[in-house]
Structures are given as structure tokens and as C-alpha cells.
Amino acid sequence: MDTMDIIKKRRSIRNYTNEKIDENILKEVINTATIAPVAGEFQITVIENQELLEKYNIVIKEFLKNSPDENMKAMGENPNYNAFYGANTLVLFSAPDENPFGGLTTSLAAENMILAATEFDLGTCYMVSPIFPFNDGANNDLLKEFNLPDGFKPVCAVTIGKISPENENPKRPALDNVNYVK
Ligand SMILES: Cc1cc2nc3c(=O)[nH]c(=O)nc-3n(C[C@H](O)[C@H](O)[C@H](O)COP(=O)(O)O)c2cc1C
């Protein structure tokens, strides 16, 4: 697919099938995240362990339940809500606390893999909600299971998987936020 077509086609997918992604395609997609513009260290953790994802889902929902935000609270309390929208693979991007560009670097890496996944008709959703439970040094036991280098903290995450035929995307509103200075 042409680059422009991929960029226009990409949407956040919030409904996945449970089908496994082809291992070689997954590797090819993940590799694109390693060749994005980079400033400082970061780590890419591909979580395919279903037990760990289930534990992680519970931790996120528990965090949401206790949120003062009504929408977040409702998500946490909804028994049908899955924090990864049913995707069986989560790509977690982490960086050392002292890297001031951790958020920027990991997000550029994430966008690379998101566009690459679109080329292979895989769905993705860029998310920050999976990092909330680790704010304030909480949930260290779960964090240890990600086997990150010392001092690294999750910064953002991307779900990846086969798109469910039931997935629906709302129309994206056109933004009026470009100005040219000539
Ligand atoms: C910084 C940031 C954080 C986001 N966090 C979440 C999230 O936690 N959960 C989620 O479902 N989507 C999240 N999104 C995805 C946006 O909701 C989505 O990109 C936006 O609604 C536009 O829709 P589209 O991606 O389909 O074009 C996030 C996007 C950004 C840029």
C-alpha cells in the first residue's frame, strides 16, 4: 500500500478477534519501531502471555474504578470492558525516568509500528491508560513481570491484533488546526 493510503487508512481499533498474529509479520512490524527517530534509551516489550495480560487488565480496571473521572470510573466498573479491547498482544514502550524525551521517542516508535501494522491489515490502538497504574510507584509486582531494564517505566502502549468484523470507527472530525507562516 502507498504510504499516503496507509496514513489515511489508520484508525484506532477497539475490537479484535482472538486470532494469533503471524510471528514473522509481528516481528517485521515491531522492527519498524526500532528504526524511528530516537533520543535516548527506550525499551519495547511485546506481551503475548495471556495470563499476564489478564492480570494487567484487572490492575488497569481497578485503577479506573477508583478514578474521580466519571467516564473512567464507568469503564473500570463495566464487566465487559477490556482495557486492551480484546487484543491478545500488547506492545509496551518504556523509558528511563531520567530520559526527558522518553514520551516523544516511544511515541514516534509506536507510530512507526502502527503504520506498519496497517500495511498488514492489522489493527492497533495507541494508548496511555495502561501506564496509569504505575504512577506514584504503585503496582511494582506487576511491573517486575515485564522484565524491563532497571529504572525503566512504561510510557505508552499499543494494542495490536486482527480486526474484528464488529469493529466500528466513529467518523473522525476534520480539525481546523493548521496555519502556514510564509
Ligand atoms: C496521547 C494519547 C493517548 C491516548 N490514549 C488512549 C487510551 O488510553 N485509550 C484509547 O482507547 N485510545 C487512546 N488514544 C487514541 C485516541 O483516542 C485516538 O487516536 C483518537 O480518538 C483519534 O481516533 P483515531 O486514532 O481512530 O483516528 C490516545 C491517543 C493519544 C494521542
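Here are a few things to note about the model shown:
- A protection proxy built from the mean count of other Cβ atoms within 10 Å ranks the segments 22-32, 112-122, most packed first, as 112-122, 22-32.
- For region 1-151, accessible area per residue (1.4 Å probe, heavy atoms of protein chains only), Å²: 56 Å²
- Label-zone membership for region 137-168, site ASN66, 7 angstrom Cα→C-beta point, backbone N under 19 Å: 137-145, 154
- In summary, the convex hull built on the alpha carbon positions of the chain has an orientation-averaged projected area of 12.7 nm².
- Entries in LYS8/LYS65; LYS55/LYS162; LYS27/LYS171; LYS9/LYS144 that, when Cα-Cα distance is taken, lie over 26 Å: LYS8/LYS65; LYS27/LYS171; LYS9/LYS144
- Largest-first principal axis extents, alpha carbons of region 1-83, Å: 41, 33, 27
The values are calculated or read from the model by the stated rules, or taken from the named source; none is laboratory data. Since the model is a prediction, treat every value here as computed from it, not as a measurement. Note that we place each Cβ from the backbone using ideal geometry, even for glycine, and neighbour counts take in every protein chain shown. Note: accessible area is taken over every heavy atom of the protein model, side chains too, but ligands, DNA and RNA are not part of it. Shrake-Rupley method; radii C 1.70, N 1.55, O 1.52, S 1.80 Å.
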